[in-house]
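Each remark here refers to the structure printed beneath this line.
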Amino acid sequence: IRESATLTRDVLEQHFNDLKGTLKKLLDERLISLLQEVDVIEQESIKPLDECQKLIEHGVSTAEDLLREGESAVHGDVGQQNEKLCSFTKKALHIQLDSLPEVPSLVDVPCLSAQLDDCLLTILKNQIFRHGTVASRPPVQLEEFVEKPGGILVRWCKVDDDFIPQDYRLQYRKSTASQFEDVYVGSETEFIVLHIDPNVDYQFRVCARGDGRQEWSPWSVPQIGCTTLVPHEWTTGLEGYSLSSRRNIALRNDSQSCGVLYSKAPTYFCGQTLTFRQVFSGIETVGQPDRRDSLGVCVEQQNGYDSLQRDKAVCISTNGAVFVNGKEMTNQLPAVTSGSTVTFDMEVVQLGLSSNEGGNFKLRVTISSNNREVVFDWVLDQCCVSLYFGCSFSYPGWKVLVF
């Protein structure tokens with residue numbers, strides 16, 4: 001409580017300090033803009049009046065000079081009087097003493113004033129008093145972490161009944177890192193975070209955005225999750241397949257060589273979910289389908305086969321056919337296309353004697369594809385709780401992610 005309270009105080013102080021600085025900057029900019037308007041109006045309006053004033057002052061000055069010259073002519077000597085009067089008369093005839101420049105009427109002369117609406121303070125006051133809230137609990141919280149090979153399934157839930165979520169935002173970071181990073185934004189309440197290093201702690205947090213709102217809610221309490229399961233990897237070195245840097249994506253290239261691409265190790269354990277996903281490979285469509293194509297699991301690696309449609313293996317073909325120990329089942333799933341997701345779920349059902357005494361074992365297998373599934377029992381002559389996975393494609397263009 002104390003830690004979150006201290007952090008909340010720091011966030012509030014920083015936010016309102018930023019607001020005060022921004023508000024002062026905006027007010028200063030607005031003041032400068034209005035003062036510039038006053039300057040422009042003053043300069044444009046006063047210019048013709050100044051010119052009119054100069055003409056009037058010039059006329060008055062000329063009339064005063066002429067008046068003084070006339071007085072001098074009248075009071076001067078008799079010998080010079082006629083000459084001065086003649087000069088005065090000529091000047092008087094040329095100067096129009098009865099004309100003045102047009103002076104605008106008073107109502108046409110601008111009179112500047114500042115129009116300031118006091119209601120701005122009321123609006124700001126109301127907005128400021130409603131700005132910001134303090135929440136004792138975030139509206140969403142992390143609920144569950146489920147270990148996955150090289151990943152973690154993170155689930156979260158809404159804890160505020162009055163909150164109507166529109167989107168969720170999940171972030172994570174290594175415990176040694178300083179910054180969180182977005183890993184998911186959407187409407188789902190769970191997400192598998194891949195590329196997780198085994199036996200390394202990661203911190204997760206989630207927030208939500210209310211319906212019709214732009215801002216995100218407060219973050220949930222950060223929680224630590226980790227996985228002890230090594231990531232699924234395809235084996236390297238098989239001609240005909242190119243692998244990603246993390247070796248969890250296999251691309252069937254244009255090599256003429258064919259065969260089954262197996263996992264590096266038997267990393268699929270019963271009780272888990274194994275997922276294959278066809279991903280975009282840079283071409284318009286996936287590769288051409290073939291009846292020998294397969295995605296599935298097997299007890300052991302067996303070289304020399306071009307498909308998993310064999311003994312000690314269960315698989316699905318790209319046309320949706322399901323094979324158990326090389327035999328096609330009557331039930332069929334939708335065809336595998338670009339973007340399709342195929343999942344395998346298995347649980348052990350013991351039959352007869354214990355494994356130490358050489359009895360038979362049965363695995364209950366569920367294969368799902370495009371919202372349809374088939375369930376069947378796979379009988380084995382040995383106990384196998386960890387299995388290899390594999391794939392085989394006859395034509396280039398297929399690209400499959402496993403997790």
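The values are calculated or read from the model by the stated rules, or taken from the named source; none is laboratory data. On a predicted model such as this, the values are computed, not experimentally measured, just so you know. Cβ: placed from backbone, ideal geometry, glycine included. Neighbour counts: every protein chain shown. Areas reflect the complete protein model, heavy atoms only, side chains present, ligands, DNA and RNA absent. Shrake-Rupley method; radii C 1.70, N 1.55, O 1.52, S 1.80 Å.
Descriptive notes on the structure:
- Degrees, to the nearest 10: 78-94 long Cα axis against longest axis of the chain: 30 degrees
- Of the residues 263, 146, 73, the one whose Cα sits farthest towards the positive end of the charge dipole of the chain is 263 (charges of +1 on Lys and Arg Cβ, -1 on Asp and Glu Cβ, taken about the Cα centre).
- With protein chains left intact and a 1.4 Å probe, residues in segment 241-402 average 47 Å² of accessible area per residue.
- Of 375, 331, 274, farthest towards positive along the dipole that unit charges on Lys, Arg, Asp, Glu beta carbons give segment 241-402: 274
- Proximal aspartates and glutamates relative to residue 90, as straight alpha-carbon distance under 20 Å, when same-chain residues fewer than 8 apart are discounted: 64, 65, 69, 71, 77, 98
- Relative intensity of segment 241-402 on a log10 scale, I(q)/I(0) at q = 0.16 Å⁻¹, equals -0.86, per a Debye sum over C-alpha point scatterers of equal strength in the absence of solvent.
- Computed from the C-beta positions of residue 25 and residue 245 and an R0 of 56 Å, the FRET efficiency is 0.75 to the nearest 0.05.
- Among 14-21, 371-378, the order from most to least packed when residues are scored by Cβ within 10 Å on average: 371-378, 14-21
- Taking Cα centre as origin and charging only the Cβ of basic (Lys, Arg, +1) and acidic (Asp, Glu, -1) residues, the dipole magnitude of segment 241-402 rounds to 320 debye.
- Length, then width, then depth: along the principal axes, the Cα atoms of the chain run 160, 58, 37 Å.
- Helical content of the chain, expressed as a calculated mean residue ellipticity at 222 nm, amounts to -9500 deg cm²/dmol (DSSP H runs of 4 or more residues, -39,500 (n - 2.57) each, divided by residue number, nearest 500).
- Restricted to Cα atoms, segment 140-227 shows a radius of gyration and a Dmax of 12.8, 40 angstrom.
- Less than 5 angstrom separates the built amide H of residue 233 from those of 264, 265, all sequence-distant by 5 or more or on a different chain.
- The base-10 log of I(q)/I(0) for segment 200-239, evaluated at q = 0.20, 0.31 Å⁻¹, reads -0.74, -1.02 [Debye formula, identical scatterers on Cα atoms, solvent excluded].
- Nearest-10 value in Å² for the accessible area of residue 9, using the 1.4 Å probe: 140 Å²
- Dipole moment magnitude, nearest 20 debye, the chain about Cα centre, only Lys, Arg, Asp, Glu C-beta charged: 2240 debye
- Evaluated at q = 0.25 Å⁻¹, a Debye calculation over the C-alpha positions of segment 99-197 (equal weights, vacuum) places log10 I(q)/I(0) at -1.34.
- In the chain, a dipole from Cβ-located charges (positive for Lys and Arg, negative for Asp and Glu) runs towards its positive end, and of 234, 159, 400 it is 234 whose Cα lies farthest in that direction.
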